[in-house]
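Participant: Sharing a structure, written as structure tokens. Questions coming.
The values are calculated or read from the model by the stated rules, or taken from the named source; none is laboratory data. A quick note: this is a predicted structure, and the numbers were derived from the prediction, not measured. Cβ placement follows ideal geometry from the backbone for every residue including glycine, while neighbour counts extend to all protein chains displayed.
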Amino acid sequence: MDEKTAQRNRFDWRLPAYAGVGALIIFVPIMIFGSDIVEFLYLIVAAPIVSFLVVIAAISTRGLWRRLAVLAMLPVYWAVSLGLFVSSRELHTTTRWLIWSKDYKAQVLAQPDQGAGIMKHIEWDAWGFPGAGYTTVYLVFDPNDSLSAAAKIDSYGIFSGIPCGVSRVRKLESHYYSVILYTDTDWSHCN
């Protein structure tokens, strides 16, 4: 048996690993931009095209073990994609904060004082579809870190300094929180 035949007759573990890394690379725009449209395009366009190409590559590959290695790329690609998709909101928030926190902090601190104990804030993110409602997330500056306890226990409810009911509080860093309001509620129009 020559060297080429020996290589063709063994399973190449690098190929499934490449599929996992490829899914991560393709998912980077969702982590940065995080819009519903980008997520939709990933699921409806990118994932099926990548899957189709892997199947075509498997069909055209010689050798049982090589073909199995190419086919093993599919479950790895889909598992990594599913994991990233399930965590996409968290990844999006973390990525945006790491890249642009300095700019967001400046925007929040530039807001005029709201008075009456209302915390400084800017709109941070939003998502939704017509008929299903829109969810708005705010970046909130909390000089006293009074939201810290709520962020630790993933609490919801009404908090001092925020005029509306809150679905979720997440601490980004000391004094800065992302606050998700209930669907179809914004800072100025509480249900």
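Participant: Filter the stretch 110-144 down to the residues that are farther than 26 Å from M31 by Cβ and touching a Lys or Arg at 6+ places or on another chain (Cβ under 8 Å), then identify the one that is modelled with the highest pLDDT.
Facilitator: Among them, the one singled out is Q111.
Participant: Would you check if V21 is assigned to a helix (DSSP H, G or I) and out of contact with any Leu (no Cβ under 6 Å at 6 or more places or on another chain)? I'd like the intermediate steps shown before the answer.
Facilitator: Values: assigned to a helix (DSSP H, G or I): yes; out of contact with any Leu (no Cβ under 6 Å at 6 or more places or on another chain): yes.
Criteria met by V21.
Participant: Pairs please, first residue from the stretch 37-49 and free of Cβ contacts under 8 Å to residues at least 40 places away in the same chain, second anywhere and assigned to a helix (DSSP H, G or I) and among the hydrophobic types (A, V, I, L, M, F, W, C), Cβ atoms under 8 Å, 6+ apart in sequence or on different chains.
Facilitator: Short answer, once both residue conditions are applied: V38/I30; A46/I26; A47/W78.
Participant: If a residue has to be closer than 18 Å to T95 by Cβ and either of a type outside the set (A, V, I, L, M) or loosely packed, with under 13 Cβ neighbours inside 10 Å (or both) to count, how many in the stretch 34-64 make the cut?
Facilitator: Counting residues in the stretch 34-64 that are closer than 18 Å to T95 by Cβ and either of a type outside the set (A, V, I, L, M) or loosely packed, with under 13 Cβ neighbours inside 10 Å (or both) gives 6.
Participant: To continue, here is another question. Which residues, counting only those in the stretch 19-32, are touching a residue at least 24 places away in the same chain (Cβ under 8 Å) and out of contact with any helix residue (DSSP H, G or I) (no Cβ under 6 Å at 6 or more places or on another chain)?
Facilitator: Across the stretch 19-32, the qualifying residues are G22, L24.
Participant: Further, regarding this structure: Write out, first by first residue and then by second, each pair whose Cβ atoms fall under 7 Å of each other, whose residues are 6+ apart or on separate chains, and whose first residue, in the stretch 123-149, is without any contact (Cβ under 8 Å) to a residue 24 or more places away in the chain while the second is of a type in the set (K, R).
Facilitator: S148/K171
Participant: Within the stretch 53-76, can one find any residue that is free of Cβ contacts under 8 Å to residues at least 24 places away in the same chain, basic (K, R) and in contact with a helix residue (DSSP H, G or I) (Cβ under 6 Å, 6 or more places away or on another chain)?
Facilitator: yes
Participant: Moving to a separate point now. For M31, all conditions in the list (1) under 20 Å from T136 (Cβ atoms); (2) within 16 Å of the chain's Cα centre (by Cα); (3) crowded, with 17+ Cβ neighbours inside 10 Å hold save one; what is the number of the exception?
Facilitator: All conditions pass for M31, except number (1).
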